[in-house]
Amino acid sequence: MKEHETLEQRLQEQGISRRSFLKFCAAMATMMALPPSSASAIAATLAKVKRPSVIWLSFQECTGCTESLTRSHSPTLESMIFDMVSLDYHHTLQAASGFAAEQAREDAMKEFHGQYLLLVDGSIPIKDGGVYSTIAGRTNLDMLLEAAQGAAAIVAVGSCAAFGGLPNAQPNPTGAVAVSDLIKNKPIINISGCPPIPAVITGVLAHYLTFGALPALDDQGRPKAFYGETIHDRCYRRPFYDQGKFAKTFDDEGARNGWCLYELGCKGPTTHNACATTKWNGGTSFPIESGHGCIGCSEPKFWDAGSFYAPLPAPTADVSSAAKAAAVIGAVAAVAVGAIDRGKKTQAQQSREKLTVDDLKGE
Amino acid sequence: MEQELLLWVRGTGLQIAAAVFVFGMVYRMLHLLMLGRKMSLAAPRGSEWSGGLRTMWKRSFVSTKLSARGNFTVIAGFIFHIGFFITLFFLSQHIELFRAVLSLHWPAMPRGVIDISAVLAIGAMVALLVHRFVDPVKRLLSDYQDYLTWALSFLPLLTGFMLLREIGFEYITLLTLHIASVELLLVVAPFTKLAHMFSTFISRWYNGAVNGFKGINI
């Protein structure tokens, strides 16, 4: 996988027409909210660009992110990611195994030091020296720190790499952390989601190859073009929310009428992602369109934010028990203080000295 | 950070606020009742209970002719309280909260009614504040607690309306601010004039009972 020919040459070899390529560039420009004229600029740059080396490290993860990127109908925009880059190391996709696989990673790191893109999916366990996840006898922590040194930029793919994800959920037995918790001296872009939308990673790579820099990011390190708005903002069921029309169960009249799923636990209002516009499965639909609320998978701590089926106004902790305990303590305190007050009152009454006529005469 | 903040106000923050509110209110109301009244040795001329209950009911409909507070204060006060109750108890999102905490629920009012109630309540509160500044007697009678309790009651209404219509900030920011403002209200309420949300009926009963005992029918 060391043929660093241009993308145009590679596509021609595979019989992909220039028309398809231009359509891809136009789609990328649209998704990233770039002006229409930039499509030709993307095409011109991408056609000439040498395919950069990419090392993909999979740590504490479920392979769902890789599945998301590869299990799509062909040919798609997502499949072109593998034409745009030279994927020199990827556990799941590479043919090599064992020492040969690790050798390929080390060779790529040496040959393209300071130039390769490092893609990471999965969180990194750091508790007990990081022993809870190892590859070829090396901890994920060790491997990440080494690979990050020579990387031009790091792309954290999926919520585990971006924010810690499921392994980071309470009680976090392995001490799982995100890439950005460990690496501070490299540009990091978070492509969150469980899994992330395939087109988003393609878009980010296309942007990087075209402009030589990472796109504008939000405060969570996510590309604004895809994570700039909430699911709720772009949801086709939004008018029902504004009208106060909510499905109460998954099979009531409201659900059949396609009303808002807010009361069934939809986290769309607090979730930034492009599902409502880019959609899934080749633009077929997204979860809300299938009748299930958004679970908020592209946001930090989404596993710890209460049940997926509890609406946003519902507390995430046991408020009733706290209130009951407080009521008992309050009642006991009031009775105790009240008793002390009464005692003082009685004592004052008993110790009162009676005023006599003689006392008045004395005045 | 935003998600962590929201998680805190929906979880630990709400637990603390609810605990302080319930503790404070139970303590203050029970302590108030335990103060008791001095036994009257006079022969009763009427029933304490009927007098007390009658006053609790009748004071809910203050006659502007008999009130020394004037039409403006009474009417604006009514609009605020009614608007506040409608938005608090009949917005579907609030009912979801009550369902989650108390396992009780009831039908919601249409969104249009909620919108109008919230706007009227907000308008009435602003008008009452302006009146408090402008009216010399009210200004003289007001202390910091009046302004504090005004602000604590106003913020949940304002942030709630902004949240419902997503005005000014993102949903998550407004939701966090709204819940935080309610928590602030809950924490402070038992220890300020806002405790009247419970004590008002106790004091009405007390006044009514005293009058009832003396046979005064008002």
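Just so it is clear, none of the values below were taken in a lab; they were calculated from the coordinates. None of these values were measured; they are calculated from a predicted model. All Cβ positions, even for glycine, are placed from backbone atoms using ideal geometry, and neighbour counts span all protein chains on display.
Each peptide among A:57-65, A:191-199, B:34-42 gets the average number of other Cβ atoms lying within 10 Å of its residues, and from highest to lowest they stand as A:191-199, A:57-65, B:34-42.
Residues B:GLU170, B:GLU96 in ascending order of nearby Cβ atoms (within 10 Å, fewest first): B:GLU170, B:GLU96. Take every Cα pair under 8 Å whose residues are at least 6 apart in sequence, average their separation, divide by the length of chain A, and the relative contact order is 13 percent.
Under 5 Å from the amide H of A:LEU34 lies no amide H of any residue 5 or more positions distant or on a separate chain, with H modelled from the backbone and absent for Pro and chain starts. Near the amide H of A:SER285, within less than 5 Å, lie the amide hydrogens of A:TRP280, all on another chain or at least 5 residues away, with H placed in the peptide plane. Principal axis analysis of the Cα atoms in the stretch A:320-362 yields extents of 65, 12, 8 Å, listed in decreasing size.
For chain A, a Gaussian network of Cα nodes joined below 10 Å ranks A:LYS248, A:LYS184, A:LYS127 by mean-square fluctuation, and the top entry is A:LYS184. Annotation: the antiparallel percentage among DSSP beta bridges lying fully within the protein assembly as shown is about 30. Couplings 3J(HN,Hα) of the stretch A:40-54, computed from phi: 5, 5, 4, 4, 4, 6, 4, 4, 8, 5, 6, 5, x, 6, 10 Hz, in residue order, whole Hz [Karplus 6.51 cos²θ - 1.76 cosθ + 1.60, θ = phi - 60°; x for Gly and Pro].
Computed over the alpha-carbon pairs of chain B, the distance histogram in 10 Å steps reads 7, 24, 34, 23, 9, 2, 0 percent, short to long. Could you point to the residue in A:PRO223, A:LEU69, A:THR174 farthest towards the positive end of the stretch A:50-225's charge dipole, with +1 and -1 charges on the Cβ of Lys/Arg and Asp/Glu respectively? Toward the positive end, the furthest listed residue is A:PRO223. The relative contact order of the stretch A:50-225, computed from alpha carbon pairs under 8 Å that lie at least 6 residues apart in sequence, is 23 percent. The ellipsoid that matches the Cα gyration tensor of the stretch A:39-186 has semi-axes, each √(5λ) in whole angstrom, of 27, 18, 15, with the longest given first.
Can you show me the helix-derived [θ] at 222 nm for the protein assembly as shown, built from DSSP H runs with n ≥ 4 at -39,500 (n - 2.57) apiece and divided by the number of residues, rounded to the nearest 500. Roughly -17000 deg cm²/dmol at 222 nm, from the helical runs in the protein assembly as shown. Relative intensity of the stretch B:92-136 on a log10 scale, I(q)/I(0) at q = 0.14 Å⁻¹, equals -0.53, per a Debye sum over C-alpha point scatterers of equal strength in the absence of solvent.
What's the center-to-center distance, using Cα atoms, between the stretch A:297-363 and the stretch B:1-48 in Å? The distance from the Cα centre of the stretch A:297-363 to that of the stretch B:1-48 comes to 7 Å.
How many Cβ atoms of partner chains, on average, are near each residue of B:163-171 if near means within 10 Å of its Cβ?
Details: counts 1, 3, 1, 6, 0, 0, 0, 7, 8.
Mean partner-chain Cβ count within 10 Å for B:163-171: 3.
Coupling constants for the stretch A:235-251 follow from the phi torsions by the Karplus curve (6.51 cos²θ - 1.76 cosθ + 1.60, θ = phi - 60°), and in residue order they are 6, 6, 8, 4, x, 6, 4, 5, 8, x, 9, 10, 6, 9, 9, 6, 9 Hz; glycine and proline get x. Put in line by how crowded their Cβ is, counting other Cβ atoms within 10 Å and starting with the fewest, A:ILE231, B:ILE114, A:ILE124 read B:ILE114, A:ILE231, A:ILE124. All Cα-Cα separations within the protein assembly as shown were binned at 20 Å from zero, giving a P(r) of 16, 38, 26, 14, 5, 1, 0, each value a whole percent of the pairs. Ordered by the number of other Cβ atoms lying within 10 Å of each residue's own Cβ, fewest first, A:LEU145, A:LEU11 fall into the sequence A:LEU145, A:LEU11. Note on the stretch A:191-299: the C-alpha convex hull projects to 6.9 nm² when averaged across all orientations.
Over chain B, what is the relative contact order in percent, taking alpha-carbon pairs closer than 8 angstrom and at least six residues apart?
Details: 200 pairs, mean separation 89.4, N = 218.
Over chain B, the number comes to 41 percent.
Relative to the 2.2 N^0.38 Å rule of thumb, the stretch A:238-304 has a C-alpha radius of gyration ratio of 1.11.
For a straight C-alpha distance cut-off of 20 angstrom, the lysines reachable from A:LYS354 (same-chain residues fewer than eight places away being disregarded) are A:LYS344, A:LYS345.
Only the Cβ atoms of Lys and Arg (+1) and of Asp and Glu (-1) were treated as charged; on that basis the dipole of the stretch A:219-332 about its Cα centre amounts to roughly 160 debye.
Under a 5 Å amide H cut-off, with hydrogens placed 1.01 Å from N, A:ALA151 pairs with A:GLY114 among residues at least 5 apart or on other chains.
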